[in-house]
Each structure stands twice: as structure tokens, then as C-alpha cells.
1. Only one of C:SER153, C:SER166 is over 14 Å from the mean Cα position of the chain (by Cα) and either within 12 Å of chain A (Cβ to nearest Cβ) or of a type outside the set (A, V, I, L, M, F, W, C) (or both); which?
2. Can you name the helices (runs of 4 or more DSSP H) wholly within the range A:81-179 that have at least 2 residues being open to solvent by less than 10 Å² (accessible area, probe 1.4 Å) and of a type outside the set (Val, Ile, Thr)?
3. I'm trying to understand the selection: among the residues of the range D:128-175, which are out of contact with any strand residue (DSSP E or B) (no Cβ under 9 Å at 6 or more places or on another chain) and hydrophobic (A, V, I, L, M, F, W, C)?
4. The conditions are (1) within 14 Å of chain C (Cβ to nearest Cβ); (2) modelled with pLDDT under 95; (3) over 30 Å from D:TYR105 (Cα atoms), and A:ALA140 fails exactly one of them. Which is it?
5. Which numbered condition trips up A:GLY47, out of (1) in contact (Cβ under 8 Å) with a residue 40 or more places away in the chain; (2) within 13 Å of the chain's Cα centre (by Cα); (3) surrounded by fewer than 23 Cβ atoms within 10 Å (Cβ to Cβ)?
6. Provide a single number: the residues in the range D:84-104 that are more than 9 Å from every other protein chain (Cβ to nearest Cβ) and touching a residue at least 60 places away in the same chain (Cβ under 8 Å).
7. What's the number of the only condition in (1) over 15 Å from the mean Cα position of the chain (by Cα); (2) open to solvent by 20 Å² or more (accessible area, probe 1.4 Å); (3) at the interface with another protein chain (Cβ under 7 Å from one of its Cβ atoms); (4) farther than 27 Å from B:LEU113 by Cβ that A:LEU25 fails to meet?
4 protein chains.
Amino acid sequence: MAVRTPDPNPGWLSDDELRDARERLPILYVEAIPVRLDGIGQVTEVGLLLRMNAQSEMTRTIVSGRVMRGESVRDALYRHLEKDLGPMAFPQLPASPVPFQVAEYFPLPGGGLYSDSRQHAVSLCYIVPVTGSCDPRQDALELTWLSPEAAASELVLSEMEGGRGSLVRAALAHLGALR
Amino acid sequence: MAVRTPDPNPGWLSDDELRDARERLPILYVEAIPVRLDGIGQVTEVGLLLRMNAQSEMTRTIVSGRVMRGESVRDALYRHLEKDLGPMAFPQLPASPVPFQVAEYFPLPGGGLYSDSRQHAVSLCYIVPVTGSCDPRQDALELTWLSPEAAASELVLSEMEGGRGSLVRAALAHLGALR
Amino acid sequence: MAVRTPDPNPGWLSDDELRDARERLPILYVEAIPVRLDGIGQVTEVGLLLRMNAQSEMTRTIVSGRVMRGESVRDALYRHLEKDLGPMAFPQLPASPVPFQVAEYFPLPGGGLYSDSRQHAVSLCYIVPVTGSCDPRQDALELTWLSPEAAASELVLSEMEGGRGSLVRAALAHLGALR
Amino acid sequence: MAVRTPDPNPGWLSDDELRDARERLPILYVEAIPVRLDGIGQVTEVGLLLRMNAQSEMTRTIVSGRVMRGESVRDALYRHLEKDLGPMAFPQLPASPVPFQVAEYFPLPGGGLYSDSRQHAVSLCYIVPVTGSCDPRQDALELTWLSPEAAASELVLSEMEGGRGSLVRAALAHLGALR
């Protein structure tokens, strides 16, 4: 044990390893739709991340990221919420591990709702109330809070990456807030 | 006991009693959205009932009815499915009593999704796969099978009674079939 | 109409009216199981109310109460949480109206899990994280916080009113915390 | 491209590739608990598979297997149901992709409910009503139908592989059938 080079974070993969894995297996993701609630739990706003994609187009997305080997779903969710919303967002993580929806992303469009050109990913999707202030880090430019009506609009739907507008609508429907 | 007039069905209320109850309490309903599934469980069609309302307008609705005193939610669901779809529909009743959505109908419009001028009703809503042939009875004129896209359209939404188009969309979202 | 005594709170029923209603209809309830969560949303404790029943026996129960006419499910939940846990409990009301379970209480034991000698009640059951300090009011003597293991034990099960121990187990199972 | 040996089923991995993948990523599984329902949807029996493990001990398990790259969750569920229950089981696949529970299996026991010495696996768990006759294939010896009470017993719990007895209890709780 003593002479072994320590592996501080075996869940992290090199770019090559990740590309290799993506050719072999579906990749497990967690995704979170940040929401603001009023005092009796009704959704008042939905938070969407704005960012520039590889084609220099502005696109919208939600909190999203991979579950690493050895990491629990909750820990992955917490890590990606902090990464995308900053340390002062104070997200209320779900008490139950049951997602409100499962989204399947395939590399080739084939009639399904969701697509991801890089990989076959399966995502456990949660609605996460946020009570603090959000300060997106990394590649996101900003977090925009929209009314439920605006978040469900055709315009926003068309701006969302990989079909995630359907996921926002499904979240609103689950909350009893999709007309 | 012997001379007491038997009450074969104490759950039934006279029109006066029901009107009286509606002034005092929220009324518990069950509602079911009939669906056709393919071999791996994906929704292919949604069944909507067509009927003439009190204003002689054609409207669309779903399977809906009251839970009687002493009756279980399952028994009520079964009774209303048979009443609205006929005896040969072979509905697959849900294994779990957990509804996919709870709909609250208020007599006065107040910002909520659902309304019912007669009463305050709270409805447990289920998605019910149907494998047989449907033969609507009572006041429904016919059952129309629509594609998920058609069932979620603005046109159909505008034809549904009491805001139930939102319920159809919520059902499709839960099934992973609302774009 | 002009001379009618105004009814400031038509949802409240007199004792006679409530008894009358209970003979005619299932009564809609909301119930809440208070929980404490850790930073990533895992349940650490379950809150059970201790009280003396009509037979002067100590029994345990959860937050429970009727939905009044004209009142939303959320408002009813909030009202009963405040009544049973006090004004400083800071409950996090559920973002979705979908309950984790529906409990059906019948006056006569008949093989079901739940019973209530007074009435046929149907209850929408929610898990409610609580972050503040609880100060039970009304007839409850105290709120006891138990570990998930203790809350699921046979002893606690036997002390719960109307079969609600099964509801506590179902809540823990939904949270991924029932062994 | 022309001289490339075709890969008829790229989702299948060699033993080496699978071992390699298990060292890098959480592996996505689907699991199904087969149930028999009565006419109104209440669970009457739970199906558990009996098999000999690597230590020649009799153990019980449920339908379980990996999702392959490019395969949908529904297709994986169907494939494993057919593999474990035979071609005449006529399973009713869930209409919604939302699982009733998510089970996380870790190689080292660490306080979680589920373990798998081979890997870190995350499993989407479904309750699947079965109407036909089951004829387990492959390594399972037989499928045993147990009453809900028997399936939730301590004895059966102790015989289940990897902690899956907790999953059976969670399924029964979701069905309103765990006392």
C-alpha cells in the first residue's frame, strides 16, 4: 500500500477514458431544475442557465452532470448544483431518491424527446427549490429566473439544449403548474 | 331492524343531499385518462370522451366521478371506468393508489388550472391502459382515440371541460410523451 | 340575501353538520410526516406526535386534518402543520401536489391498513421537511424525533393511531430509508 | 470503413471490457419486481427468483440486468423480463419511465441499503404486473409467488441478494400493501 501512487479521485476519468467509456456504456447523469417557491410551496419561478455552445450560439440548459464511480446520486446532485449555481444557492435537495422524470439522451435523433451528440446518457431528473442567491460558475453565463408560463413557452422550448424544454414542461406539469 | 326500510346503497345521495353536501365539503373524485400502449409500454393513443354539455356544445372530457361513502378509491375508479367505457374495455387498474396528479376544481375561477361551477372537488387522477373495445354509455357520445401530439394540442385543450386539457398534458408529461 | 347573517368561514361546520356529512360522504384529509434532513437531503429523524386518546391511552400520530370547502390542499396542509407543530417549525411544503401515498380510513376494519371509527376518510399524505423548532399546540403533548430505524420498529407501529405506522414505513420506503 | 468487421451488437461487452468499465463508471441497471394483481389492481402475490449463488447457497432475487449502450430503458426492461421469466409471462411494462425507487449498489458496505461486490450500480426499479405463466430461464431455478406478507417477512429479507429485500418492501409500501 505504502508505495502505491495514491489515486485521490478514481471517479474522475481522463478525456480518453471518458470517450472510451461513452462508446461502451450508457452514462448516468443527474439533472436538476432550480425553482423558487412561495410560502405554501407553489412554484413562482424556474431557473434556466444561459450559455454559449460550441457553435457560439446562446442556448439555455438546466443543472446537469455525470455521476462518478463511487459517488452517490445525492452527492452528484449536490456537486453539480454547487458547480452550476454557486456556493450560496442553498438548494433543498430532494428527500426521496425517486426522480420526477427519467430522460434518455441518444446520439442519433430517433423519435425520442432528448438527444446528446456525444453519448447515450440516462438522466435522473429532480426539481430543486433554491432559497439563496445563484452565481453560476464555469461555462454558464447567467441564471435567468422565468415565470412558469415563460419557461413553458415555445420560444424557450426552442432555445433549450438537447430537448430539455420538454423536461421543463414535465417538471411544471408535475408541480401542477403547466396549463 | 326488521321493520327498517332497507337502504341498499347508502353511498348514493339524493339530489338534495348531494347539493347540500356540496355546500359544506370538498367532494372527492377519481379521474382516469384512458391510454393505449404498445408492447413495451409506450403510449400510442389517448382516449377522450366527447359529449354535449348543458349549453348544447360539444365538449371533451375524461373518465370522472365521485367516490361514495364506504367505497374504496379502486372500486370507484373501476365503477366509473365501466360506466364511461363500457364492460368490454378491460382497463388495467393501477397497482399503486398513488395518483400521477391531484386536480383541484373550484367553483369560482381564481388562477388555478381547474374549475367546476357545481362544486369544490378534489380529484385523484390516474392513467389507465385499456386493452379492450370501448363503448361509452350514459351521456357520452363517443370515445375518440388521439395521438399524444393531437391530445396535447391547443385545439383539444380548448375543447376540454373544466381545464382538463392541462391534466391530459400532465399525463403525457408523466409518460415521457409531451414534447 | 340582504338580511342573511354573513358566514365568515363557510368551510367550518358545526359538530352536527360534520356528523351529518360523515354519514354521507368520504371526508378529504391531508396528512404530513415531519422529517429532519441532512445537508444532502437524507432523512435523519422522523417526528411523531404523542397524545392521549379518548381512552386515556398514550398514542402516537402524525400531522393530520380535514380539507375545508374552498380551501386548497396546500392551504390545508399549511394550516394543520402550523396547528400541530407551532408557528416556528418552518415546514418546507411540497412543491408538487402529488402525495407519496393515499391512505383510506374506513370505520369498520375490513382488511385495509387504516381505520377511523368516526368516518370514512381519504388522506393525501406528504413528507414535510421541518427546519425550525416544533412546539405542538392543541391536544398533542409533544413531538418526538425518532431515528428512521426506531420509527419503523414494531413497538412504534403498535403505538400509532389508526394504522398510521404503516404510513410511516411507507414514507421511509419512499425516502430510501426502510431496511 | 469498408473492410471493418461489422459489430452486430455493439452494446455487448467482452468480459474484459465490462470489468474495465466497472472500474470507471457506475453501471446503469433496470430491475423489476413481478406481481400478480386482482381485478381492481390490488397486489395478491409477489414473484421472487430462486437461484444458487457462487457459494452454492440458495438465494432469492428479482429481475435485474444492465442497460446496454444504445438501448432504451424500456427495451432493457423487456429484455430482462423475458430472459428471467420466459416468453409466456406477458409482463405489463410500465406506461411511465418514472421508477418507483432508485437503488444504489456499492461494492463496499457503507451504511447504504444495497450492495454488489462486483460494481457500483444504479438501478431504476419498476413494479411489473405479470399475467401469463413464468418459466425462468438461464441461471434461475424457479420463480416463487409469495403473499405480500410473506414477501415482506424477515426470513425472506435475509434470503435476498444484495439487500433487495428492502426493495421488495419499498415496492409493497408503494402499492399500499406493507403493514
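The values are calculated or read from the model by the stated rules, or taken from the named source; none is laboratory data. The shown structure was predicted, so the numbers you read here are calculated from the model rather than taken from an experiment. Reconstructed Cβ throughout: ideal geometry from the backbone, glycine too, with neighbour counts over all protein chains shown. Side chains included, ligands, DNA and RNA excluded: accessible areas come from the protein's heavy atoms. Shrake-Rupley method; radii C 1.70, N 1.55, O 1.52, S 1.80 Å.
1. Answer to the selection: C:SER153.
2. A:164-174
3. Once the filter is applied, which keeps residues that are out of contact with any strand residue (DSSP E or B) (no Cβ under 9 Å at 6 or more places or on another chain) and hydrophobic (A, V, I, L, M, F, W, C), the range D:128-175 yields D:LEU155, D:LEU157.
4. (1)
5. Condition (3) is where A:GLY47 drops out.
6. 0
7. (2)
Each row is one residue, and each column tells you yes or no for (1) over 30 Å from C:ALA121 (Cα atoms); (2) of a type outside the set (Gly, Ala, Ser); (3) at pLDDT 85 or above.
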residue: B:MET1; (1), (2), (3): no, yes, no
residue: B:ARG4; (1), (2), (3): no, yes, no
residue: B:PRO8; (1), (2), (3): no, yes, no
residue: B:GLU23; (1), (2), (3): no, yes, yes
residue: B:GLY41; (1), (2), (3): yes, no, yes
residue: B:SER56; (1), (2), (3): yes, no, yes
